[in-house]
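Data first, discussion second: the structure below is written as structure tokens.
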Amino acid sequence: DGGITQSPKYLFRKEGQNVTLSCEQNLNHDAMYWYRQDPGQGLRLIYYSQIVNDFQKGDIAEGYSVSREKKESFPLTVTSAQKNPTAFYLCASSVQGGTEAFFGQGTRLTVV
Amino acid sequence: GDSVTQMEGPVTLSEEAFLTINCTYTATGYPSLFWYVQYPGEGLQLLLKATKADDKGSNKGFEATYRKETTSFHLEKGSVQVSDSAVYFCALYSSASKIIFGSGTRLSIRP
């Protein structure tokens with residue numbers, strides 16, 4: 001089955017540690033996105049990528065980093081510079097040019 | 001920049017009531033417009049879409065019409081069910097090649 005997979009579903013980390021969230025898609029989509037969702041809030045764009053080896057900052061990129069070495073994969077690293085990293089993180093992908101995005105099931109990150 | 005504004009929630013209705021969730025947008029040109037639905041603890045699923053003015057998207061009894069003159073894409077359903085309880089997001093595909101979401105509207109349906 002084609003789809004977009006995020007792992008793990010739940011992740012716990014100590015304050016000050018970097019952590020990497022995985023996002024893999026087998027839909028052959030060019031574009032991939034990372035969003036952050038806080039309780040009762042909408043989605044805020046962290047980073048997005050339209051093509052391999054290229055990505056752009058979204059609205060809240062500070063404290064995060066990404067890579068896009070393969071079309072299928074778009075991992076997100078939450079660094080120790082992110083002041084409030086506890087949140088629900090959603091990855092999405094889409095065909096280029098204005099079509100709908102397909103979402104993963106999300107990773108809930110808790111930093112203690 | 002491009003943006004989406006949608007109705008504040010939460011919205012609570014009785015089963016079989018009529019639903020409207022308002023959504024307006026600001027954008028350059030004529031972006032594609034979407035409604036997504038999110039069930040608790042899950043990612044978002046596309047509910048319906050419209051790609052040009054006057055298009056009507058529909059799915060599972062939900063409808064929304066792309067109104068260029070009012071820059072709106074309001075979500076409607078004639079008779080809601082308990083299973084429709086979820087958070088609904090309006091979104092657009094912007095000229096900067098990114099998808100922009102509204103803040104979401106939580107809908108609760110009473111039996």
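Among all residues of region A:97-107, there is none that is touching a residue at least 12 places away in the same chain (Cβ under 8 Å), over 30 Å from B:Gly9 (Cα atoms), buried (at least 20 other Cβ atoms within 10 Å of the Cβ) and over 10 Å from the mean Cα position of the chain (by Cα). Scanning region A:56-75 for residues that are in a strand (DSSP E or B) and either of a type in the set (D, E, K, R) or within 11 Å of chain B (Cβ to nearest Cβ) (or both) yields A:Gln56, A:Lys57, A:Lys70. Per the listing B:Ser32, B:Ser94, the residue uniquely surrounded by 16 or more Cβ atoms within 10 Å (Cβ to Cβ), closer than 22 Å to A:Ile4 by Cβ and out of contact with any Gly (no Cβ under 7 Å at 6 or more places or on another chain) is B:Ser94. Comparison of A:Gly16, A:Gly40, A:Gly2 shows that the only residue that is without any contact (Cβ under 8 Å) to a residue 12 or more places away in the chain and surrounded by fewer than 14 Cβ atoms within 10 Å (Cβ to Cβ) is A:Gly40. Pick from region A:26-47 the residues that are touching a Gly at 6+ places or on another chain (Cβ under 6 Å) and under 15 Å from B:Ser94 (Cα atoms): which of them is farthest from the other protein chains (Cβ to nearest Cβ)? So, considering only residues that are touching a Gly at 6+ places or on another chain (Cβ under 6 Å) and under 15 Å from B:Ser94 (Cα atoms), the one farthest from the other protein chains (Cβ to nearest Cβ) is A:Tyr47.
So which residues in region A:82-105 are farther than 18 Å from A:Leu11 by Cα, in a loop (DSSP other than H, G, I, E, B) and more than 10 Å from chain B (Cβ to nearest Cβ)? Answer for region A:82-105, where residues must be farther than 18 Å from A:Leu11 by Cα, in a loop (DSSP other than H, G, I, E, B) and more than 10 Å from chain B (Cβ to nearest Cβ): just A:Val95.
None of the figures in this text is laboratory data; all of them are computed from the coordinates on show. As the structure is a prediction and not an experimental result, all values here were calculated from the model. FYI the Cβ positions are ideal-geometry reconstructions off the backbone, even for glycines, and counts take in every protein chain you see.
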